[in-house]
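Written out below as C-alpha cells is the structure these notes cover.
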Amino acid sequence: MTFENPPNTSIQAANASVQTVTLRALDADRVVIRTEACQVCYTLTRQAVGNYKPPRIMGHGAVGVVEAIGSRVRRVEVGDRVIVANTPYCGQCYLCLRGRPDRCQMLPGQNNPLLPIGTLSDGTEVLQWNNEGGFGELMIPYEWYCMPVFTNNVSPVELSMLGCVGACGLGTTFGVAPVEPASDVVVLGCGPLGLSAVQGARIKGASQIIAVEPIATRRAVARQVGATTVIDPNVDTNNLVARIKDMCKGPTDRKFAGGRDWTGTAGAARPASGVPQFGGGAISTAIGPDYVIEAVGGDTFPPKAEVGPDPTGILPLQWAWQLCSSAGHVTTVSVAQVGNFSVPAGQWSNGSKNHHPGNMNGVSGLRDMQRFSRLIETGQFNAKALATATFPLDRAKDALQVVADRTTIGAVVVFS
Ligand SMILES: [Zn+2]
Ligand SMILES: [Zn+2]
C-alpha cells in the first residue's frame, strides 16, 4: 500500500510496502475475494508515488475467487471467479441507465468516498484504491465492482488484462463509437490499451488498421495482433497527418459514385511548416480515417524505451482531431497530458466530427467482461500479447518500474 510521499519521489524510493491488515466485519454489500492476478497499468506509476493519508492498498483491474459475500450480495457466489473491474456497474444510477455505466456513480467521488476495510497494527485505518485494492491478497470490493466470468480456459493473468486496459481498448471499438466493417481505423499509441483497440478494430471487421507507436517492439506486436500498417511517429513527424490521410482516401474520388472528394490532396495543402491546414477548404474533410483512437497520454516518468515526439501527450490529441474525416469518430482515452490544445472553432462547432472522450466508452462491466473473456477463450482477443511480464507481490515496485520505463507492454502482479 502507498502512504505519504514528498514530491518527485522515485518508484523505488516510494513509501509503499506490503503490510498486514486486520479486517473489519464484512459490510452487507461487499465481497471477499482472494486475489489471483492484478494488472499494473501506467496510471498506477503516478499513484505509487502520490501523497496519501490514510494509506491505500493499490491496484485495480484484478481477478480472484470469491471467499465470502455480504448479506445483500446477489451477483456473485462463493467460488466464482471474478474480474474486479476498474469501473463499477450498478445498473441503477442515472448514468448506467443512459448507456454510460463506465461513468457509474458508484465510482469513488466526493459523495461516494473510499471507506476503510481494516486497520494496521497501530490502529491506522486502511483504504483500498478505487474501493478494490487489487494488490491485496484479499480484495474487499462492493458488489457493483464484481463481474463474474464463467470460463475455465482463460488464465487469471489473461483475465486481469480485461479489468482496465483491455476493456478500455476494446470499448473504443465496441462501445459508444462501434467500428463498422470495411472501415479505416487509426490507433495512436500501442501500449496495452492501444493494442486492445487494434484487436477490437480487427474483430469488428475494419479493413485498414494503422497503428502509430514510437517503440519498435510495440509496433511489432501491433502487426501480430491486427495492424495492417505500423508507423513510427518519430520518422517524418511533420508529415504524419498528411501521410495517414493519403492512406485513407478510398478507392475513388468520384463523388457521384460514393467516393470522397480528393480536391486538394493532404500533401498539396501542406504549408512550409508541414502542419496541414483545415477549415479553409484546402483539403477535403472527407479524406481521413473513419475512426481515430488516441491512446498515448503524457509521460509521468521519462521512458527508457524509444521516446515519442511529445512527452506531454498533447500532439497526439491534435493529430487525432486533424486526422479524422467529417462524420468520423475521434475516441480519446489517455490521461496525464500537460497543457491544452486547440482546434479550429468552426470545426468544433459545426465540423461533423464526433468526439468521444473515455472513460471506457460505454463498456458495461457485467455484460462485457463475459463477452470479452469469451473473445480470449476463442482466440479472437490475444491477452497474452499484452501481459508480457509477471511479478510476485513483493516485487510490485519492479512491476511498476518496468511499466514506467515502458520496457514491457503490460505487467501483472500474481499471487500464488
Ligand atoms: Zn451505476
Ligand atoms: Zn488502469
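Check every one of the helices (runs of 4 or more DSSP H) wholly within segment 341-416 and list those with 1 or more residues that are within 16 Å of Leu195 (Cα to Cα). Give the derivation first.
On the way: elements: 345-350, 365-377, 396-405.
Correct list: 365-377, 396-405.
Just for segment 140-175: of the residues that are touching a Pro at 6+ places or on another chain (Cβ under 8 Å) and within 16 Å of ligand 2 (Cβ to nearest atom), which one is farthest from Asp102 (Cα to Cα)? Talk me through it step by step, then tell me what you get.
Of segment 140-175, the ones touching a Pro at 6+ places or on another chain (Cβ under 8 Å) are 142, 144-145, 161, 165-166, 169.
Then keep just the ones that are within 16 Å of ligand 2 (Cβ to nearest atom); that gives 145, 161, 165-166, 169.
Details: Tyr145: 11, Met161: 17, Val165: 13, Gly166: 14, Gly169: 13 Å.
Within segment 140-175, the match that is farthest from Asp102 (Cα to Cα) is Met161.
Out of the residues in segment 5-31 that are assigned to a strand (DSSP E or B) and buried (at least 20 other Cβ atoms within 10 Å of the Cβ), which is farthest from ligand 1 (Cβ to nearest atom)? Steps first, please.
Residues of segment 5-31 that are assigned to a strand (DSSP E or B), as a first pass: 16, 22-23, 30-31.
Among the residues that remain, those that are also buried (at least 20 other Cβ atoms within 10 Å of the Cβ) are: 16, 30-31.
Numbers: Ala16: 31, Arg30: 17, Val31: 17 Å.
Here the residue is Ala16.
Kindly establish whether Ile215 is more than 28 Å from Cys96 (Cβ to Cβ), buried (at least 24 other Cβ atoms within 10 Å of the Cβ), at pLDDT 95 or above and among the hydrophobic types (A, V, I, L, M, F, W, C).
Working: more than 28 Å from Cys96 (Cβ to Cβ): yes; buried (at least 24 other Cβ atoms within 10 Å of the Cβ): no; at pLDDT 95 or above: yes; among the hydrophobic types (A, V, I, L, M, F, W, C): yes.
It is false that Ile215 is more than 28 Å from Cys96 (Cβ to Cβ), buried (at least 24 other Cβ atoms within 10 Å of the Cβ), at pLDDT 95 or above and among the hydrophobic types (A, V, I, L, M, F, W, C).
Since Val63 meets every condition but one in (1) more than 16 Å from ligand 2 (Cβ to nearest atom); (2) β-branched (Val, Ile, Thr); (3) touching a Ser or Thr at 6+ places or on another chain (Cβ under 9 Å), which condition does it not meet?
Tallying (1) more than 16 Å from ligand 2 (Cβ to nearest atom); (2) β-branched (Val, Ile, Thr); (3) touching a Ser or Thr at 6+ places or on another chain (Cβ under 9 Å), Val63 fails exactly one: (1).
Is one or more of the residues making up segment 232-251 within 28 Å of Gln39 (Cα to Cα) and surrounded by fewer than 20 Cβ atoms within 10 Å (Cβ to Cβ)? Quick ask: steps written out before the conclusion?
The first filter runs over segment 232-251 and keeps only residues within 28 Å of Gln39 (Cα to Cα), leaving 232-233.
Those still in the list that are surrounded by fewer than 20 Cβ atoms within 10 Å (Cβ to Cβ) too: 232.
Scanning segment 232-251, I find at least one residue that is within 28 Å of Gln39 (Cα to Cα) and surrounded by fewer than 20 Cβ atoms within 10 Å (Cβ to Cβ), so the answer is yes.
Just checking: which of the strands (runs of 3 or more DSSP E) contained wholly in segment 100-191 hold 2 or more residues that are within 22 Å of the chain's Cα centre (by Cα) and within 20 Å of Glu67 (Cβ to Cβ)? Working first, answer last.
Details: elements: 125-128, 146-148, 184-188.
So the answer is 146-148.
For Ser364, state whether it is within 24 Å of Arg103 (Cα to Cα), out of contact with any Pro (no Cβ under 7 Å at 6 or more places or on another chain) and among the small types (Gly, Ala, Ser).
Values: within 24 Å of Arg103 (Cα to Cα): yes; out of contact with any Pro (no Cβ under 7 Å at 6 or more places or on another chain): no; among the small types (Gly, Ala, Ser): yes.
When the stated conditions are applied, Ser364 does not pass them.
One residue is enough: does segment 173-195 have a residue meeting the conditions of a type outside the set (A, V, I, L, M) and within 16 Å of ligand 1 (Cβ to nearest atom)? Can you show your working first?
First, the residues of segment 173-195 that are of a type outside the set (A, V, I, L, M): 173-175, 178, 180-181, 183-184, 189-192, 194.
Then keep just the ones that are within 16 Å of ligand 1 (Cβ to nearest atom); that gives 175.
Scanning segment 173-195, I find at least one residue that is of a type outside the set (A, V, I, L, M) and within 16 Å of ligand 1 (Cβ to nearest atom), so the answer is yes.
The values are calculated or read from the model by the stated rules, or taken from the named source; none is laboratory data. All values derive from a computational prediction rather than experimental measurement. Methodologically, a virtual Cβ is constructed for each residue, glycine included, from the backbone with ideal geometry; neighbour enumeration extends over all protein chains shown.
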